[in-house]
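Just below is one structure, and these are the notes that go with it.
The values are calculated or read from the model by the stated rules, or taken from the named source; none is laboratory data. Fair warning: this is a prediction, and the values are worked out from it, not measured in the lab. Cβ atoms come from the backbone with ideal geometry, glycine included; neighbour counts cover every protein chain shown.
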Amino acid sequence: MATVYLATDLRLERKVALKVMHGHLSDDVKFRDRFIQEARSAARLAHPNVVNVFDQGQDSDMAYLVMEYLPGITLRDLLQEHGRLTTDQTLDILEAVLAGLSAAHKAGIVHRDLKPENVLLADDGRIKIGDFGLARAASANTATGAALLGTIAYLSPELVTRGIADTRSDIYAVGIMTYEMLTGKQPFVGEQPMQIAYQHANDTVPAPSTENPRVPAELDELVLWATAREPDERPRDARALLSEVLAVRTKLDADAYNAPTVAQRTMVMPPAAAAPPRGDTSETQILEPARRKATPAMSSAVDDLATRSRKRRGRGWWVAALIIVLVAAAGGTGWYFGLGPGAHTTIPNVAGNTVSAARAALTQAGLVPAAATTSRNDPDVAANAVSGTSPAVGSNVAKGAKITIILSTGPALLKIPTLTGLTEAEGKVAIRNAHFLVGSPTIRQFDPKVSKGLVLDYLGNDGKSLLTQSSYSEKRPITLIVSAGPLPVVSGLTVSAAETLLKQAGLRAIQGSEAYDPTIPAGDVVSVDPQTNAAGVSRVFRVGDSQEVRLITSRGPEMILVPSVAGKTWAVAKAALTAAGFTLNYNHAADIAPSSFTVQSLNPAGGTSQPKGTTIKVKFDGF
């Protein structure tokens, strides 16, 4: 997302690396914020194995970072040139990477994009981690969403499957890099990125020794530990893995020291001061001729050793003097840098403390808290608590330096974007672009009026709808409610079939009321009871809640007794038949003078039970 130039700092007359964001990305808030995040993340670290960031700013539309310039190559260049590395080379690089990463994890930062391209090998032997462009706070348990960030070959299983990254995700990437250094290849390859991602999510990283038999068993175990598919089975952070790496190196060094060599160097020893007893019949009789034959050479060796001993004794006095001078110099240097004017210290982490507690911690560290404080928005620290310091927490400064305390004003209130009508993916992108977090998991709610997959509503951290709110605190979660379409259609199904269909939709069917229905056989499902409240609002059904859905079952058609109206006037008979719910078939001329016409008979006959709505044929006297 940027171009890096070699530049000159005119004020301090030094070479620096100037990282300038591409012009076509300057209007993209997401990229610009990620760019600034790199500066903030790296600036919080003061460690010899992390690339230093000196400054960050913006000139017109160009955002830029000023960083330490490291002439040299990347670990990727080294691997391309040499293929695989030796055990010692791998451990050297691994120790440096983990040392820098330990500082990041201690400061609460997850790198999220560790790969050989971001490990810099300087010409003078320094090894540093760079490119914190994807770094986030470790406590945020950050979700990446649909678009995975980071290089696919080094993504941990939880990043692939759940989009969640923490310190153990960095450990997984370190494990993959270690495998690559030892074998010269990545453990998982494929023609498409998703093929590689699938392997990370479902397969176990093999032991490096399967590709390179020279890899020690200790390094096999180290790689398998770091690349365990379950995060809880990996080291909790870089410090834990670094401790194990140092222990492995110590063991390997000890094994190498104690291992027998192919050829031992022969030493010529001087003759014994006295001959062995003549009665000795073991090794003496065998060695005696050889010892006599070698005597001139042995005598020469003894003379040579004696000469060297005299020379060493002659040099002893000035060696002792030199040691005294060096001890005095070391003591003076130690006083100057430990207690004197050259002493340095690290700014302690005072974030979250009260001002008085922060001042006390800074004073105890040999620093001078400034009288005045400054403030800034901080989504992770409560208002009026300490957000940080200037220079930043973790910086290495001279003792007695003045440190400004920065107070939190709490999270900034940001405008909430309109999310209704967007797809779930579009909604999540809009949430991130507005500097909020995507709540998890997405809620899926049945709605007959909104197409499946579109956003219905969105909830804040308290579970209440944000539809009527205009602003919301930054970096707070917003949970989407997405339409699952209408409820499954169960009308006309048997109760068993309806239960199965609703269970597949994440709902649980229970027996509700019964209703007459002439079109549906008795016992089958007529409909779902929406269970409306007093205001007439139907109950909300959501996927996966196992909510109870009441089924209305059919009692078959309702049977009604046909009134016995034979011999009565049409006015009386019509009123009785209509009130009973029957349909009438008759000569409509009778409606002209209903009191003048008398009912002769009905078909079906009066006094019989018929389904409600049955058509009754009426016959009048004289017609």
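Residue by residue, here is whether (1) surrounded by 15 or more Cβ atoms within 10 Å (Cβ to Cβ); (2) touching a Cys at 6+ places or on another chain (Cβ under 7 Å); (3) not hydrophobic (A, V, I, L, M, F, W, C) holds:
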position: Arg34; (1), (2), (3): yes, no, yes
position: Ser60; (1), (2), (3): no, no, yes
position: Met67; (1), (2), (3): yes, no, no
position: Pro71; (1), (2), (3): no, no, yes
position: Thr74; (1), (2), (3): yes, no, yes
position: Leu98; (1), (2), (3): yes, no, no
position: Leu101; (1), (2), (3): yes, no, no
- Query: Going by the conditions given, is Val393 in contact (Cβ under 8 Å) with a residue 60 or more places away in the chain, more than 30 Å from Ala484 (Cβ to Cβ) and not assigned by TED's automatic domain parsing to the domain that holds Val540?
  - Reply: yes
- Task: Scan region 445-455 for residues that are more than 27 Å from the chain's Cα centre (by Cα) and crowded, with 18+ Cβ neighbours inside 10 Å and jot them down.
- Result: Phe446, Asp447, Val450
- Query: In the set Leu78, Leu70, Leu91, which member is assigned to a loop (DSSP other than H, G, I, E, B) and at pLDDT 90 or above?
  - Reply: Leu70
- Inside region 185-200, can you point out the residues that are buried (at least 16 other Cβ atoms within 10 Å of the Cβ) and either in contact with a Gly (Cβ under 8 Å, 6 or more places away or on another chain) or of a type in the set (A, V, I, L, M, F, W, C) (or both)? Phe188, Ile196, Ala197, Gln199
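Here is a yes/no grid of residues against (1) among the small types (Gly, Ala, Ser); (2) out of contact with any strand residue (DSSP E or B) (no Cβ under 9 Å at 6 or more places or on another chain); (3) in the same structural domain as Phe541 (by TED's automatic domain parsing):
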site: Val490; (1), (2), (3): no, no, no
site: Leu507; (1), (2), (3): no, no, yes
site: Ser513; (1), (2), (3): yes, no, yes
site: Tyr516; (1), (2), (3): no, no, yes
site: Ala522; (1), (2), (3): yes, no, yes
- Message: Here's a check for you: in region 468-494, which residue that is surrounded by 15 or more Cβ atoms within 10 Å (Cβ to Cβ) and among the hydrophobic types (A, V, I, L, M, F, W, C) is nearest to Pro411 (Cα to Cα)?
- Response: Ile478
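From the residues in region 94-137 that are of a type outside the set (A, V, I, L, M, F, W, C) and in a strand (DSSP E or B), which one is nearest to Asp170 (Cα to Cα)? Steps first, please.
From region 94-137, those of a type outside the set (A, V, I, L, M, F, W, C) are 95, 100, 102, 105-106, 108, 111-113, 115-118, 123-126, 128, 130-131, 133, 136; that's our starting set.
Right, trim to in a strand (DSSP E or B) and you get 128, 136.
Numbers: Lys128: 15, Arg136: 12 Å.
Filtering first and then ranking leaves Arg136.
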- For region 44-60, does any single residue satisfy the condition of being assigned to a helix (DSSP H, G or I), outside the structural domain of Ala173 (by TED's automatic domain parsing) and either within 24 Å of Arg168 (Cα to Cα) or touching an Asp or Glu at 6+ places or on another chain (Cβ under 6 Å) (or both)? no
- With the condition kept exactly as written, say whether any residue in region 373-385 is crowded, with 20+ Cβ neighbours inside 10 Å and in the same structural domain as Val350 (by TED's automatic domain parsing). yes
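Matching residues to (1) modelled with pLDDT of 90 or more; (2) in contact with a Lys or Arg (Cβ under 7 Å, 6 or more places away or on another chain); (3) at positive phi; (4) among the small types (Gly, Ala, Ser):
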position: Arg444; (1), (2), (3), (4): yes, yes, no, no
position: Pro448; (1), (2), (3), (4): no, no, no, no
position: Leu454; (1), (2), (3), (4): yes, no, no, no
position: Asn461; (1), (2), (3), (4): no, yes, no, no
position: Ser471; (1), (2), (3), (4): yes, yes, no, yes
position: Pro477; (1), (2), (3), (4): yes, no, no, no
- Residues that are closer than 25 Å to Lys449 by Cβ and either touching a Gly at 6+ places or on another chain (Cβ under 9 Å) or of a type in the set (A, V, I, L, M, F, W, C) (or both), drawn from region 485-514: Gly485, Leu487, Val489, Val490, Leu493, Ala498, Leu501, Leu502, Ala505, Gly506, Leu507, Ala509
- Item | Glu81 of a type in the set (D, E, K, R) and touching a residue at least 60 places away in the same chain (Cβ under 8 Å) | no
- Message: Take the conditions surrounded by fewer than 17 Cβ atoms within 10 Å (Cβ to Cβ), in the same structural domain as Gly439 (by TED's automatic domain parsing) and touching a strand residue (DSSP E or B) at 6+ places or on another chain (Cβ under 7 Å) and apply them to Thr423. Does it pass?
- Response: yes
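Among what's in region 344-378 and is outside any loop (DSSP other than H, G, I, E, B) and of a type in the set (D, E, K, R), pick the residue that is farthest from His435 (Cα to Cα).
Among them, the one singled out is Arg359.
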- Under the condition of being surrounded by 13 or more Cβ atoms within 10 Å (Cβ to Cβ) and more than 30 Å from the chain's Cα centre (by Cα), which residue from region 1-14 is nearest to Pro71 (Cα to Cα)? Ala7
- By residue number, the members of region 446-493 that are aliphatic (A, V, I, L, M) and part of a strand (DSSP E or B) are Leu454, Val455, Leu456, Leu459, Ile478, Leu480, Ile481, Val482
- Item | Members of region 453-475 that are touching a residue at least 24 places away in the same chain (Cβ under 8 Å) and of a type in the set (Lys, Arg) | Lys475
- Item | Condition met for Glu548 (over 60 Å from the mean Cα position of the chain (by Cα) and under 30 Å from Ala497 (Cα atoms)) | no
- Task: Run down Val381, Val429 and say which single residue is assigned to a loop (DSSP other than H, G, I, E, B) and of a type outside the set (D, E, K, R).
- Result: Val381
